[in-house]
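For reference, the structure is listed below as structure tokens.
The values are calculated or read from the model by the stated rules, or taken from the named source; none is laboratory data. Owing to the predicted nature of the structure, the values given are computational and were not obtained by experimental measurement. For neighbour counting, all protein chains shown are included, and Cβ atoms are generated from backbone atoms with ideal geometry for every residue, glycine included. Accessible surface areas use protein heavy atoms only, side chains included; no ligands, DNA or RNA. Shrake-Rupley method; radii C 1.70, N 1.55, O 1.52, S 1.80 Å.
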Amino acid sequence: MLDINNAKLAVIGLGYVGLPLAVEFGKHYPTIGFDINKQRIDELVEGHDSTLEVSPQELQTASQLAYTNDVEAIRDANVYIVTVPTPIDRYKRPELTPLMRASEITGKVLSKGNVVIFESTVFPGATEEVCAPIIESASGLRYNHDFYLGYSPERINPGDKTHRVTHIKKVTSGSTPEIAKFVDDLYRSIITAGTHLASSIKVAEAAKVIENTQRDLNIALVNELALIFDKLGIDTLEVLEAAGTKWNFLPFRPGLVGGHCIGVDPYYLTHKAQEIGYHPEVILAGRRINDNMGAFVADSVIKLMTRKRIPVVDSNILVMGLTFKENCPDLRNSRVIDIIHEFETYHANVDVYDPWVNPADAQREYGIDILDKPDTGTYDAIILAVAHKEFADMGDEAIRAFGKDNCVVYDVKYVLSKEYVDGRL
């Protein structure tokens with residue numbers, strides 16, 4: 001039976017989740033970080049992380065960590081940790097292709113007695129119902145006889161330099177009681193915040209999807225309140241600040257809900273619910289509200305432009321921010337794109353400015369060219385979509401100066417002073 005003292009790890013997938021985890025394990029155990037993207041491996045070998053989650057100094061502290069895109073190089077590991085993305089497709093269905101490919105890769109190098117731990121967000125049952133059979137087929141080994149599984153859902157918060165991987169309590173689980181203890185011991189050896197050992201893999205999987213489903217629904221509630229207060233002519237932030245004087249009022253704010261977790265995870269749960277014959281109503285209602293907020297922002301700006309007699313067709317629109325959240329370069333599932341697409345249907349000219357975004361990534365992901373810097377006095381409308389610190393540092397007057405004398409300024413994230421904006425969410 002494996003002991004953490006002889007653990008040799010391979011982390012499969014070196015994105016926002018896998019790299020920080022690999023670095024922490026690489027401080028204590030022989031660890032190989034594997035990714036199919038050679039460019040990603042090359043930059044890490046050179047000591048640079050393009051996601052900005054791990055600094056060059058932090059990369060150097062992982063003295064036992066190596067990087068590879070060669071599957072054969074991870075054959076000597078005895079613990080495999082899978083941290084590949086689990087997105088949704090255009091029809092809001094779970095896209096398990098990366099997870100299935102990672103399971104097949106792992107199966108090809110697996111040896112008897114090895115443990116495979118999954119961190120990717122999935123619906124309850126996916127680890128054992130989807131991944132285990134693929135590993136069995138690729139390895140020729142039997143699940144829970146020749147190899148074992150664990151599940152420890154990722155809790156990475158991109159761009160957050162306070163809540164790091166070791167500072168967030170980790171849920172753990174295993175396919176047998178002995179493996180569950182091994183998985184828990186392994187993570188507890190690097191997670192200073194401690195661990196929570198779940199009774200089964202399914203419980204751990206379910207815990208992950210409801211964490212973000214709960215947040216999604218809370219944001220959907222305040223988004224719906226914002227829609228109502230807009231029709232009533234009431235400032236939403238003022239209402240929330242007044243209500244927030246009660247000690248148990250939850251401090252959620254309206255906004256665009258994107259990213260790799262909140263805007264995705266609920267669909268994994270609803271997919272499984274529908275598969276077993278239950279049609280979820282509250283969860284999907286929340287998703288519909290949140291998915292439509294980009295169009296609401298665009299429509300609000302168009303109404304403000306119309307009141308100022310600014311023609312929308314052929315107008316110049318500046319969207320400030322493209323990432324799914326502030327102070328990080330992560331573009332995954334950004335709902336800012338919904339605002340852009342809505343204006344494009346009116347044949348407006350949309351420029352996007354985001355100092356955090358790699359222009360090549362924006363072009364590849366959305367076909368968008370990122371401005372180096374906006375010109376002053378150019379725009380008919382300015383939409384501050386993401387609360388990057390650079391935008392806050394610019395100040396009210398500098399941002400409004402990008403616009404023409406009669407422009408509309410709309411603040412999605414409450415960065416600007418109320419008297420400097422024409423509208424806010």
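Taking segment 266-296 as the range and being small (Gly, Ala, Ser), open to solvent by less than 40 Å² (accessible area, probe 1.4 Å) and free of Cβ contacts under 8 Å to residues at least 24 places away in the same chain as the test, only 273 passes.
Looking across segment 342-361, just one residue is hydroxyl-bearing (Ser, Thr, Tyr) and open to solvent by less than 60 Å² (accessible area, probe 1.4 Å), and that is 353. Among the residues making up segment 250-265, none is among the acidic types (Asp, Glu) and either more than 22 Å from the chain's Cα centre (by Cα) or surrounded by fewer than 24 Cβ atoms within 10 Å (Cβ to Cβ) (or both). Whether any residue in segment 362-373 is over 26 Å from the mean Cα position of the chain (by Cα) and either of a type in the set (Asp, Glu) or crowded, with 22+ Cβ neighbours inside 10 Å (or both) is what I want to check. So far as segment 362-373 goes, no, none of its residues is over 26 Å from the mean Cα position of the chain (by Cα) and either of a type in the set (Asp, Glu) or crowded, with 22+ Cβ neighbours inside 10 Å (or both).
Considering (1) out of contact with any helix residue (DSSP H, G or I) (no Cβ under 9 Å at 6 or more places or on another chain); (2) in a helix (DSSP H, G or I); (3) not aromatic (Phe, Trp, Tyr), the lone condition that residue 113 does not fulfil carries the number (2).
So, residue 238, is that one without any contact (Cβ under 8 Å) to a residue 40 or more places away in the chain and either surrounded by 15 or more Cβ atoms within 10 Å (Cβ to Cβ) or over 19 Å from residue 120 (Cα atoms) (or both) or not? When the stated conditions are applied, residue 238 passes them. A residue that is more than 30 Å from residue 208 (Cβ to Cβ) and either touching a Cys at 6+ places or on another chain (Cβ under 9 Å) or not in a helix (DSSP H, G or I) (or both) can be found somewhere in segment 245-257. Does residue 158 satisfy being in contact (Cβ under 8 Å) with a residue 40 or more places away in the chain and either touching a His at 6+ places or on another chain (Cβ under 6 Å) or open to solvent by 30 Å² or more (accessible area, probe 1.4 Å) (or both)? No; evaluated as a whole, the condition is false for this residue. Taken over segment 93-102, the criterion of being touching a Ser or Thr at 6+ places or on another chain (Cβ under 9 Å) and in contact (Cβ under 8 Å) with a residue 12 or more places away in the chain is satisfied by 94, 96, 98, 99, 102.
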